[in-house]
1. Of the residues in the range 467-497, how many are part of a strand (DSSP E or B) and not hydrophobic (A, V, I, L, M, F, W, C)?
2. Take the range 27-58 and flag every residue that is modelled with pLDDT under 70 and β-branched (Val, Ile, Thr).
3. In the range 432-466, how many are more than 15 Å from residue 413 (Cβ to Cβ), part of a helix (DSSP H, G or I) and of a type outside the set (A, V, I, L, M, F, W, C)?
4. Could you say whether any residue in the range 504-518 is modelled with pLDDT under 70, surrounded by fewer than 17 Cβ atoms within 10 Å (Cβ to Cβ) and within 40 Å of the chain's Cα centre (by Cα)?
5. So residue 260 ticks every box in (1) closer than 23 Å to residue 192 by Cβ; (2) modelled with pLDDT of 85 or more but one. Which box is left unticked?
6. Any residue that is in contact (Cβ under 8 Å) with a residue 40 or more places away in the chain, closer than 21 Å to residue 527 by Cα and surrounded by fewer than 19 Cβ atoms within 10 Å (Cβ to Cβ) - is there at least one of those in the range 418-426?
7. Tell me whether the range 390-406 contains one or more residues that are surrounded by fewer than 18 Cβ atoms within 10 Å (Cβ to Cβ) and free of Cβ contacts under 8 Å to residues at least 24 places away in the same chain.
8. Mind telling me which of the residues 228, 241 ends up being under 30 Å from residue 199 (Cβ atoms), free of Cβ contacts under 8 Å to residues at least 12 places away in the same chain and part of a helix (DSSP H, G or I)?
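The values are calculated or read from the model by the stated rules, or taken from the named source; none is laboratory data. Note that the coordinates shown come from a computational prediction; the quantities given were computed from them, not determined experimentally. Positions of Cβ are backbone-derived with ideal geometry, glycine not excepted, and every protein chain shown enters the neighbour counts.
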Amino acid sequence: MFGKAFQRKYALSDQGIKNAKAGTFWTVVVNLVVMGGMGILYFMMKGFLATLTDSAPLARATPILLMVLVFLLLSFITHLQQYKATYGLVYGEVKNMRISLAERLRQLPLGYFGKRDLADLTETVMGDVNRLEHVWSHCLGYLYGSYISTALIAVMLFAYNWKLALACLWGVPVAFALLFGSRKLTKRRSEITKAAAVTVSDGIQETLENIREIRATNQETRFLRALGDKIDAHEKTLLQGELVAGIFVNAASVIMRLGVATTILTGTKLILAGQVDFLVLFMFLLVITRVYAPFDQALALIAEMFMSQVSAGRLMEIYDAGTAEGSESFAPQGHDIVFDNVDFAYDDRQVLCGVSFTAKEGEVTALVGPSGSGKSTCARLAARLWDVDRGSVKVGGVNVASVDPEILLTDYSMVFQDVVLFDDTVMENIRLGKHGATDEEVFAAARAANCDEFVAKLPRGYLTPIGENGARLSGGERQRISIARAILKNAPIVLLDEATASLDVENETKVQGALSRLLAGKTVLVIAHRMRTVEAADKIVLLSEGRVVEEGRPEELLAEEFSVFRRMAQLQAASAQWSIGPAEPAKQDF
């Protein structure tokens, strides 16, 4: 019953399977104990009728009172155990499930997140887990426990009187056959509802993230109308799904309840024929109330069980996705980064084709080229944020694909164009670069990245919260915090992707000077469009359409008459009213 297929169907962990078994077991025990209570009522009725002619009623009442006390004690104990097995254990399982999901997401390669948007993943981690929690706690144990207890009770009833037993129980399999027959339709409606919910989440997220642009272009009305349409569509699909499920659930409940009528009719016929007495019919009517009661909740939730399988499938997609794994030891011979005939594609879009170059330790290697040429992709492949499709990327002779990403990244400091900050203080955002760093180390890194100037203007200095993703800071200020974070880490490999793009000329000069002092002796891979940023590099690697078209020292490439790099430098110089010549190079340090 609780095999691997069942485990995947409801996204249960190994502990979750144990919880489901425990919940089922105690549900069976509770149902049998409660059924025993129906037996006590039967004996009470029988004893009451006997007292009409019995001269010593107390003698008959004493054992019944003892049975009632034993029943109450057993009922309390078993219900308590059932509660712990179905609710207490499951709530712990939900916590573990979310932690497990977070851990799994942490292990996935960055390429996975390019295929799933944030709203979809958020809906999975929050909405889908919530739905499964309700099924794990309210339905699985109750439903399967009811199956088993009803089967046991049915055996006893058929052994006692098969005609009345058949009259009682015929509606149960028919009702569940109707529900299971509607499973495909219910799941399909659930898939449509889930897609509509993700669309709403996408719309809300998009509106909040772009609220400034929406207001700046006076598009509030159009965006709000579009968001309202998405919410209305979701509400409509939700109502349709509830209606479909409700029709089948109520139809099944009505069919099952018809067993009461057939039991009365059959019992009356048997009494008139002299085959049973009234007490037997009374007992079967009591039994009916307890046979149907466990299924009342199960019938109401069985449609949710079918819908939960859609949520479980979405969770299993995350667990089935391949993780970026590797050795936990990383002992490179130096920190040269070597690209050897590397191919890489995003889905069907080829980005890199046969890229080969070497970024030597102690040198600054600049990747230049037009937008979309593959510069940022090279930086991400160097840090194994993605894995290459063909060829290899090696650091100190070690293939990065063979090393666990977390171990590998201890040797990397990265500053990308898209800065990610947390809703915390300036101090803690910089300290993220080095766990346990002292305040003095943080201040030194901040000064090196030229953060003191804007931090001094903040209400609480370095203890000022900066809002979600640094919302209270400018783009240049956020980028300087990111640079300070990388400086604090002081790793042997530094990746800079347009690291100074948001800085003005004065601040860029200051940060470049700080980088020149702090990056000495490291392997530095710089990505930039502006020639001023890369003109002091030790080596230029020029990419175009995913291929290396030129590489060499800046002065060598500038000296070549037909060099692409020379032409790019001339175009930028002309647009900025600069001149390239032997007069006086405006060289900046890294």
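1. So the count comes out to 1.
2. Across the range 27-58, the qualifying residues are 51, 53.
3. Residues that pass the stated criteria total 7.
4. yes
5. So the condition that residue 260 fails would be (1).
6. yes
7. Looking through the range 390-406, at least one residue is surrounded by fewer than 18 Cβ atoms within 10 Å (Cβ to Cβ) and free of Cβ contacts under 8 Å to residues at least 24 places away in the same chain.
8. Result: 228 is the single residue among 228, 241 that is under 30 Å from residue 199 (Cβ atoms), free of Cβ contacts under 8 Å to residues at least 12 places away in the same chain and part of a helix (DSSP H, G or I).
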